[in-house]
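Encoded as structure tokens, the structure appears first; notes follow it.
The values are calculated or read from the model by the stated rules, or taken from the named source; none is laboratory data. Just so it is clear, the model here is predicted, and its values are computed rather than measured. When we count neighbours, we look across all protein chains shown, and the Cβ atoms used for this are built from the backbone with ideal geometry, even at glycine.
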Amino acid sequence: MTERIDKGIILKKQEPLKKQEPLKRGSGTLLPVASLPSKYGIGTFGKSAYDFIDFLKNSKQKYWQVLPLGPTGYGDSPYQSFSAFAGNPYFIDLEILMEEGLIEREDAEAVNWGDTQDTVDYLKIYENRFDILRKAFANSDHKEDQDYLDFCKENSFWLNDYSLYMGIKEHFGGIEWLKWPDDIRLRKPQAVESYSKKFEEESQFWNFIQYKFTRQFQDLKKYAKNNKIEIIGDIPIYVALDSADAWVNTDQFQMDEDHRPVIVAGVPPDMFSETGQLWGNPIYDWDYMKKNNFDWWRKRMKYSASLFDIIRIDHFIGIINYYAIEYGSKTAMGGEWKKGPGEDLLSAINEATGDTLIIAEDLGVVTKEVIRVLKLSGYPGMRLMQFGFDGNPRNSNLPKYFDANSVVYPGTHDNETLRGYFENASDKTRANARKILRTKRNRDLVWLLIETAFKSRASTVIFQIQDYLELDNRARTNIPSTIGGNWSWRLVPGQASSELGQRIAKLAEKYKR
């Protein structure tokens, strides 16, 4: 790779885009960690996660898709995280902390974590989880723990800024950094130094939390690998505006001199919303990033590759064309499409991730350029079977059009469950589905669709556990453009039964998955 100097910045000439090898034929289950069973209010990296890996193994599956693992903010969405690098503290298993002698059992059992097993009560989690984690921190010997010290050193390129950000954020009652006092909002050197000294112990707490998150997850990942289960992790293409990334790296985003966004992300009006989706994420300054050899993205992707066996890039089309909305707009209707970094960024991503495979979430406005770059990269795109029953014989979501290098889903985490979809579909849509799936009975549609996906040419098929269980929309994960009640559905003990596993295993064996 050649280098040249331009205005003090080293520019590296990108190598031609390396084509990725296809995913191996297999099937898997989509289940966010938060949705695992637990008597402490939310899924964790504890026994239920290990049990779920056993379920996948016994079901003859190869993949567990966990969605993003970052700390959740407003709306409880893992796609609006306080950091592109940090992990969700809620996923730290309390039973493991008990085994390590860091907390007492009564510490956890004295708390009301929620009234129902099948729902996450995020308010109760928020109000109680950190008190217990602080007890673990106080009882730890982290200052003398060489493994902890090594972890902090290895991750200093993001960890120190994140931990300081969380300490300051808590100090100001949780408000977004754009509302902080100007001296620290603008990261004046004297203010950063002052706050760093003031919150040194608090920053150590957040460092410790990330250490425990990472070690517990790596132990779980090792168990998955020993059982030949690969973990698919999602990364949102954008970071949240209220995040350490946006606060620290304002030069990486299209922001003004006052460190406020000029434009923000979203998508135009679509089937989910008549006024579009106004996500509000700051949009990268792609020109600056290219001059800086996409250094931030390289670090992000390399770190993600250390966590996941396969990375799914959410909203992949934003790399080719992105929808820009003026900051302060009330809806996404007035935005405009602009050209993204394309192949230059993908070359940097490939170099950073090495052998880690990538899935492209290529949904939305798929232009010829998106198709060209996706084909050039070798990344598998996605097909959503719920979108294939509109009567259009050339619909690319029809099973007969699935190609080997694609990942098939019934829908995404943003869609209805399969049962909910068929219950709410029009008579015409259900008739089309019965014709394609070759049945006269609506009650057979869910499992016939699952079997049709398994026998298709697609290399990989991923179903939400809710669909294997034939649950209705009360088990839906997320409804886009709504706040409240999302990301809260959970498995209850016993639902992922051996009988269900045997049914899935028979399909996997029959269709060589």
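Here are some notes:
- When residues of region 242-285 are limited to those that are modelled with pLDDT of 95 or more and acidic (D, E), the one farthest from G75 (Cα to Cα): E257
- Count of residues meeting criterion [out of contact with any Cys (no Cβ under 8 Å at 6 or more places or on another chain), within 28 Å of L307 (Cβ to Cβ) and not charged (D, E, K, R)] in region 174-215: 13
- Output for region 116-152, where each listed residue is of a type in the set (D, E) and more than 18 Å from S203 (Cα to Cα): D118, D121, E127
- None of I349, I311, I358 is within 27 Å of Q20 (Cβ to Cβ) and part of a helix (DSSP H, G or I) except I349.
- Residues of region 148-171 classified as more than 15 Å from S196 (Cβ to Cβ), of a type outside the set (S, T, Y) and either in contact with a strand residue (DSSP E or B) (Cβ under 7 Å, 6 or more places away or on another chain) or in contact (Cβ under 8 Å) with a residue 40 or more places away in the chain (or both), total: 4
- Residue match in region 19-26 (condition: more than 23 Å from I231 (Cβ to Cβ) and at pLDDT below 95): yes
- Checklist (1) within 20 Å of G26 (Cβ to Cβ); (2) of a type in the set (S, T, Y); (3) without any contact (Cβ under 8 Å) to a residue 40 or more places away in the chain applied to Y468, failing item: (3)
- Within region 53-99, the residues that satisfy the criterion of being of a type outside the set (V, I, T), part of a helix (DSSP H, G or I), under 22 Å from R134 (Cα atoms) and modelled with pLDDT of 95 or more are P89, Y90, F91, L94, E95, L97, M98, E99.
- Test for Y379: is it of a type outside the set (A, V, I, L, M) and touching a strand residue (DSSP E or B) at 6+ places or on another chain (Cβ under 7 Å): yes
- Looking across region 284-295, the residues that are under 23 Å from the mean Cα position of the chain (by Cα) and either part of a loop (DSSP other than H, G, I, E, B) or surrounded by fewer than 20 Cβ atoms within 10 Å (Cβ to Cβ) (or both) come down to D285, F294, D295.
- Residue count, region 327-363 (criterion: of a type outside the set (D, E, K, R) and surrounded by fewer than 17 Cβ atoms within 10 Å (Cβ to Cβ)): 7
- When residues of region 116-131 are limited to those that are in contact (Cβ under 8 Å) with a residue 40 or more places away in the chain and not in a helix (DSSP H, G or I), the one surrounded by the fewest Cβ atoms within 10 Å (Cβ to Cβ): Q117
- Failed condition for H413, given (1) more than 20 Å from G364 (Cα to Cα); (2) out of contact with any helix residue (DSSP H, G or I) (no Cβ under 8 Å at 6 or more places or on another chain); (3) of a type outside the set (D, E, K, R): (1)
- Leading residue by the ranking (farthest from G328 (Cα to Cα)) among those in region 260-277 that are crowded, with 20+ Cβ neighbours inside 10 Å and among the hydrophobic types (A, V, I, L, M, F, W, C): V267
- Test: residue in region 241-259 that is within 30 Å of K60 (Cα to Cα), out of contact with any Cys (no Cβ under 7 Å at 6 or more places or on another chain) and buried (at least 21 other Cβ atoms within 10 Å of the Cβ): no
- Among the residues of region 259-277, those that are in contact (Cβ under 8 Å) with a residue 60 or more places away in the chain and not β-branched (V, I, T) comprise H259, R260, P261, A265, G266, P268, P269, D270, F272, S273, Q277.
- Note on region 255-283: residues that are assigned to a strand (DSSP E or B) and in contact with a strand residue (DSSP E or B) (Cβ under 8 Å, 6 or more places away or on another chain) total 14.
- Taking the conditions (1) under 21 Å from Q65 (Cα atoms); (2) without any contact (Cβ under 8 Å) to a residue 60 or more places away in the chain in turn, Y421 satisfies each one other than (1).
- Scanning region 46-86 for residues that are within 20 Å of D309 (Cα to Cα) and within 11 Å of the chain's Cα centre (by Cα) yields Q65, V66, L67, P68, L69, G70, P78, Y79, A84.
- Some residue of region 366-374 being in a loop (DSSP other than H, G, I, E, B) and in contact with a Lys or Arg (Cβ under 6 Å, 6 or more places away or on another chain): no
- One residue stands out among those in region 504-513 that are surrounded by fewer than 14 Cβ atoms within 10 Å (Cβ to Cβ) and basic (K, R): the one that is farthest from the chain's Cα centre (by Cα), which is K510.
- Meets criteria (in contact with a Phe, Trp or Tyr (Cβ under 9 Å, 6 or more places away or on another chain), under 26 Å from I310 (Cβ atoms) and in a helix (DSSP H, G or I)) for L445: no
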